[in-house]
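Here's the structure, in structure tokens; my notes come after.
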2 protein chains.
Amino acid sequence: MKQVLILGAGLSSSSLVRYLLQHSEQENWHITVVDQTMELIESKTNKHANSTALVVDALKRDIRLPLIEKSDLVISMLPARFHIEVAQDCIATQTDLITPSYVSSEMKALDAAAKEAGIIIMNEIGVDPGIDHMSAMKIIHEIGEKGGELISFKSFCGGLIAPESDNNPLGYKFTWNPRNVVLAGQGGASCFIQQGEYKYIPYHRLFSRLENIEVNGYGSFEGYTNRDSLKYRGIYGLENIPTIYRGTLRRPGFCDFWNIMIQLGLTDDSYTIENSHLMTPRRFLNSFLPFNPNLSVEEKVCLFLQKSESAIYNKIKWLGFFNMDEPLGIPDATPAQLLQKILVGKLSLDPEDKDMLVMSHEFIYNYKGQKHQVFSQMVNIGEDSVYTSMSNTVGLPVAICAKMILKDQIEARGIQLPLTKEMYLPILEELESHGIQFNEKDTIID
Amino acid sequence: MKQVLILGAGLSSSSLVRYLLQHSEQENWHITVVDQTMELIESKTNKHANSTALVVDALKRDIRLPLIEKSDLVISMLPARFHIEVAQDCIATQTDLITPSYVSSEMKALDAAAKEAGIIIMNEIGVDPGIDHMSAMKIIHEIGEKGGELISFKSFCGGLIAPESDNNPLGYKFTWNPRNVVLAGQGGASCFIQQGEYKYIPYHRLFSRLENIEVNGYGSFEGYTNRDSLKYRGIYGLENIPTIYRGTLRRPGFCDFWNIMIQLGLTDDSYTIENSHLMTPRRFLNSFLPFNPNLSVEEKVCLFLQKSESAIYNKIKWLGFFNMDEPLGIPDATPAQLLQKILVGKLSLDPEDKDMLVMSHEFIYNYKGQKHQVFSQMVNIGEDSVYTSMSNTVGLPVAICAKMILKDQIEARGIQLPLTKEMYLPILEELESHGIQFNEKDTIID
């Protein structure tokens with residue numbers, strides 16, 4: 001019986017654990033799930049006969065190492081910063097490892113050691129990063145193999161609320177960690193290249209440089225670029241491509257609103273507000289508006305918005321920013337923490353809500369004297385509030401990769417990403433049977 | 001003969017060294033100046049009989065400690081981060097110390113040890129911080145002593161180019177470290193309190209929230225608030241004042257222009273630009289403008305500026321941003337470094353240029369049922385490119401304080417700021433004889 005060790009039973013482990021247990025009988029697997037509370041683990045395993053629930057602290061090496069030693073495969077669903085220690089243990093015990101997270105430079109440095117240990121450490125195999133890599137590489141390879149010249153690649157992805165649960169003026173609810181949403185785009189300018197021109201966008205302009213993206217059957221979205229898109233030239237083998245950028249999708253109107261949050265300074269997480277526990281939403285908002293003793297907070301907001309941007313004003317009002325009844329109650333809070341508190345009160349998922357994952361790639365390539373445009377788009381709706389689209393799109397590729405490793409179907413060793421046909425073809429194919437599928441359309445445009 | 005040790009012979013040491021040597025005969029002082037090159041030291045001492053020029057590395061403790069041991073007073077004009085080590089040596093050898101820099105928390109922590117050693121460590125006694133503290137405390141004490149209630153204190157200071165040398169469209173030249181000017185306002189929101197309302201301004205809005213300030217005989221200036229003004233409530237003993245803020249002065253039009261530099265993202269120092277050595281000013285500017293293959297860089301700038309802000313456009317053009325002749329030539333440069341290179345080419349001082357220091361305090365207080373407004377303003381023009389206003393306003397208060405310490409006229413011990421009458425009255429009085437003087441005007445306004 002093959003032993004699989006899953007570290008972490010958070011939201012994105014639901015679909016992963018379900019898949020592995022569904023296949024455990026036939027494949028002769030035993031799944032051990034480690035987390036800090038029994039309830040959390042059992043909500044994922046449902047006390048399945050081929051599962052063990054283990055309440056221990058996986059961050060402690062003396063506890064973790066013997067567990068890894070007994071396993072054939074480890075899947076780390078811990079926060080990304082803990083993967084490196086797990087990887088070191090996997091090398092020491094010659095145990096294969098999967099993580100859905102971005103490869104850090106420390107992780108990359110373990111490549112030779114992992115190869116020497118004869119193990120594979122597969123990374124970036126969830127969604128953004130993960131499914132985006134695989135679906136993009138498939139088309140990049142197809143274009144290359146038929147002799148096309150790829151001249152542009154734009155890729156956008158968003159974790160959103162499903163249309164049937166979209167019932168607020170922002171067209172947005174928190175389908176994952178609210179703090180990450182509030183801080184999105186911070187920590188570095190967006191950089192990319194467009195028709196050979198380098199482009200850099202500072203954080204405070206990110207949400208005002210938007211691209212419109214239509215997704216067949218789902219209407220309009222807005223994309224803002226983020227982070228370092230230049231590095232994907234190397235990752236995807238597109239060193240000389242004149243246009244490449246990646247970004248995040250939101251429903252129209254959200255970015256204009258979020259831009260105002262940034263312009264005001266409400267997303268700042270670098271300092272604390274004096275007497276923040278006494279701040280009402282109204283006072284919090286007012287502390288970022290220019291002083292004017294003759295205007296109400298409402299009037300100051302209108303002045304700040306300048307043009308009669310009633311759509312943004314109405315969002316601010318709907319979120320309760322003008323309320324003066326109750327202090328936000330967080331001592332020594334940063335602006336971002338106070339903003340998060342206001343938003344979580346209005347933008348959290350209801351129990352019956354469903355989430356939605358949207359991905360849209362656009363490729364342009366020259367082929368036999370003609371210019372082609374390819375759209376490859378995927379929309380996936382969650383099943384419910386446990387088997388969310390986020391959980392499915394992160395957990396299923398991890399799970400399928402786990403199956404392939406356990407069945408010795410992957411030859412690669414060392415630090416890997418799912419960029420080869422060996423990886424992405426079987427995974428994309430099986431994802432289709434789970435309803436995660438890309439619509440591809442190739443049009444001659446010139 | 002009393003021994004004075006000056007660490008650092010940079011620009012702001014000129015007036016300090018001159019003052020001490022001018023008084024050295026009469027007071028029986030010997031001045032040792034330490035720096036890395038003989039030329040730099042001798043440009044300050046002019047081989048005066050009561051001076052010693054010492055070319056050694058003052059950052060090395062084994063070199064520094066014996067020098068401090070032989071001295072009666074140390075003046076550290078080193079970059080602020082080195083003061084703390086010097087202070088520790090001064091405590092060990094029971095030697096008094098003066099620095100013009102802000103007190104760090106590490107420095108503050110040495111208070112008890114300095115008192116036990118029986119020494120004074122005087123800080124923040126140059127200009128901003130220094131003369132601003134002393135001139136403000138004088139009026140704060142005067143208002144308090146006559147029974148007035150201070151309700152507002154706004155203070156602005158700027159290092160600028162003298163009117164007679166002001167011959168460019170920006171009304172600005174670099175009179176001190178250009179890097180500090182390019183990065184000004186970064187590293188934290190501006191925070192203050194205005195009529196009891198907390199106000200926070202993020203960096204990217206700092207240069208669009210301006211206050212107009214008139215200085216008698218010198219026309220109009222613009223002030224932008226900066227850093228943490230809230231902490232001055234404690235420093236000045238004004239815990240419950242409803243309005244207090246501090247800021248920086250520029251000539252009108254500069255801040256609008258600088259705001260555009262920030263909006264574009266050109267002042268960012270947190271990442272490096274790919275192939276930065278090949279960037280011409282034009283390409284550098286273009287990389288921060290939205291992509292548009294049908295517009296020239298000039299046209300894209302106009303679009304970015306939206307309203308016909310020809311004043312800003314003309315500044316951008318005058319600075320050479322549209323030049324495509326020559327790459328900027330700095331490898332792995334940040335945007336801020338490339339911007340600095342462009343600006344330094346146009347905004348550096350000519351040899352005959354003079355600089356100017358401007359300070360403006362505004363106090364409002366209630367007294368016997370009436371509301372008073374006090375303006376206390378100082379304008380100082382530099383003598384030449386060595387004895388600049390910056391050098392005089394930093395060096396002279398340090399020098400006068402040195403004289404007072406050497407003549408045993410200061411009783412205070414430990415970590416000190418020049419906030420008491422004992423300190424500021426004699427210093428402000430002697431500064432007047434050097435032409436550094438405040439015009440004060442008290443008007444009943446309500």
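Checked against the criterion of being farther than 26 Å from A:G171 by Cα and under 20 Å from the mean Cα position of the chain (by Cα), region A:191-209 contains one or more residues that satisfy it. The criterion of being at pLDDT 95 or above and under 30 Å from A:L319 (Cβ atoms) does not hold for A:A114. Taken as a whole, the structure leaves B:A109 outside the set of residues that are among the small types (G, A, S) and touching a residue at least 12 places away in the same chain (Cβ under 8 Å). The single condition among (1) open to solvent by 30 Å² or more (accessible area, probe 1.4 Å); (2) closer than 19 Å to B:E429 by Cα that B:I139 does not meet is (1).
Among the residues of this structure, A:D268 counts as one that is open to solvent by 10 Å² or more (accessible area, probe 1.4 Å), under 29 Å from A:D166 (Cβ atoms) and either modelled with pLDDT of 95 or more or not assigned by TED's automatic domain parsing to the domain that holds A:D166 (or both).
The strands (runs of 3 or more DSSP E) located wholly in region A:37-123 include none with 3 or more residues which are touching a Pro at 6+ places or on another chain (Cβ under 9 Å). Being over 18 Å from B:P242 (Cβ atoms), outside any loop (DSSP other than H, G, I, E, B) and touching a residue at least 60 places away in the same chain (Cβ under 8 Å) is the requirement here; does B:R179 meet it? The answer is yes for B:R179. Within region B:19-38, being over 20 Å from B:K70 (Cα atoms) and in contact with a Lys or Arg (Cβ under 9 Å, 6 or more places away or on another chain) holds for B:Y19, B:H23.
Within region B:140-175, the set of residues being in a strand (DSSP E or B), of a type in the set (A, V, I, L, M, F, W, C) and farther than 17 Å from B:I444 by Cα comprises B:F156, B:C157, B:L160, B:I161, B:F174.
The set of residues from region A:108-127 being in contact with a Ser or Thr (Cβ under 9 Å, 6 or more places away or on another chain) and surrounded by fewer than 21 Cβ atoms within 10 Å (Cβ to Cβ) comprises just one member, A:A117. Is there a residue being of a type in the set (S, T, N, Q), crowded, with 21+ Cβ neighbours inside 10 Å and at pLDDT 95 or above anywhere in region A:27-39? Within region A:27-39, none of the residues are of a type in the set (S, T, N, Q), crowded, with 21+ Cβ neighbours inside 10 Å and at pLDDT 95 or above. Across region B:156-180, which residue is farthest from the other protein chains (Cβ to nearest Cβ) among those that are under 30 Å from A:T272 (Cβ atoms) and surrounded by fewer than 20 Cβ atoms within 10 Å (Cβ to Cβ)? That would be B:N177. With the requirement that a residue be open to solvent by 30 Å² or more (accessible area, probe 1.4 Å), in contact with a Ser or Thr (Cβ under 8 Å, 6 or more places away or on another chain) and assigned to a helix (DSSP H, G or I), what does region A:1-26 give you? Scanning region A:1-26 gives A:L11, A:S12. Scanning region A:271-295 for residues that are surrounded by 14 or more Cβ atoms within 10 Å (Cβ to Cβ) and outside any loop (DSSP other than H, G, I, E, B), which turns out farthest from the other protein chains (Cβ to nearest Cβ)? Ranking the qualifying residues of region A:271-295, first place goes to A:P281. Of all residues in region A:238-265 being at the interface with chain B (Cβ under 9 Å from one of its Cβ atoms) and in a helix (DSSP H, G or I), which is most open to solvent (accessible area, probe 1.4 Å)? Within region A:238-265, the match that is most open to solvent (accessible area, probe 1.4 Å) is A:Q263.
To keep it simple, each residue is scored yes or no on (1) in contact (Cβ under 8 Å) with a residue 24 or more places away in the chain; (2) on the phi > 0 side of the Ramachandran plot; (3) of a type in the set (A, V, I, L, M).
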residue: B:M122; (1), (2), (3): yes, no, yes
residue: B:K146; (1), (2), (3): yes, no, no
residue: B:K154; (1), (2), (3): yes, no, no
residue: B:G188; (1), (2), (3): yes, yes, no
residue: B:I213; (1), (2), (3): yes, no, yes
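Screening B:A58 on (1) in contact (Cβ under 8 Å) with a residue 12 or more places away in the chain; (2) surrounded by fewer than 14 Cβ atoms within 10 Å (Cβ to Cβ) shows it passes everything except condition (2).
Residues that are crowded, with 19+ Cβ neighbours inside 10 Å and within 11 Å of another protein chain (Cβ to nearest Cβ): which strands (runs of 3 or more DSSP E) entirely in region A:183-228 hold 3 or more of them? Output list reads A:190-194, A:197-201.
The values are calculated or read from the model by the stated rules, or taken from the named source; none is laboratory data. Computed from a predicted structure; not experimentally measured. Neighbour counts are summed over all protein chains in view; Cβ atoms, including those assigned to glycine, are modelled from backbone coordinates with ideal geometry. Accessible surface areas use protein heavy atoms only, side chains included; no ligands, DNA or RNA. Shrake-Rupley method; radii C 1.70, N 1.55, O 1.52, S 1.80 Å.
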